[in-house]
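See below for the structure under consideration.
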Amino acid sequence: MRMLSNATDAFQSYDYPVSAEEIIEGDGDMELELPNGTERLGDALSRSAPETFESAEDAEFAAFSGVSSKAIGRKGYSDRDPICMGEDGPDEVSF
């Protein structure tokens, strides 16, 4: 995902295994560009990071998991949710 490309590059510069604390100290002030604002990498990692990362991919997954709701579009929106029982949904269209 483009919003974490600068963080992904930073994760590649560490020797693994590495502690979350070391990444936060080294790159925690990095600003992540999100669809609805910005957020510090350190804030994202502190929400979901384990104590140690075994690989750059592990660190990247933790960053994706830890970003706030600024990283999503309309909160709670999905055009793929099934219709609840007892509700009338849109008419099906066949193409």
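Bear in mind these aren't lab numbers, they're just calculated from the coordinates by the rules spelled out. It should be emphasised that the depicted structure is a prediction, and the values quoted were computed from it without experimental measurement. When we count neighbours, we look across all protein chains shown, and the Cβ atoms used for this are built from the backbone with ideal geometry, even at glycine.
In this structure, the amide hydrogen of TYR14, modeled 1.01 Å from its nitrogen in the peptide plane, lies closer than 5 angstrom to no residue at least 5 positions away or on a different chain. Across all directions, the average flat footprint of the convex hull enclosing the Cα atoms of the chain is 8.9 nm². Couplings 3J(HN,Hα) for the stretch 30-38, derived from phi with the Karplus relation 6.51 cos²θ - 1.76 cosθ + 1.60 (θ = phi - 60°), are 4, 8, 9, 7, 10, x, 10, x, 10 Hz, where x marks Gly and Pro.
Pairs of Cα atoms nearer than 8 Å and 6+ residues apart set the relative contact order; for the chain it is 26 percent.
Count Lys and Arg as plus one, Asp and Glu as minus one, and take only other residues whose Cβ is under 11 Å from that of GLU31; the net charge is then -4. Near GLU21: Cβ cut-off under 13 Å, other residues only, Lys/Arg at +1 and Asp/Glu at -1. The net charge is -4.
Amide H contacts for ARG40 (H built 1.01 Å from N in the peptide plane; partners 5 or more residues away or on another chain; cut-off under 5 Å): LEU32.
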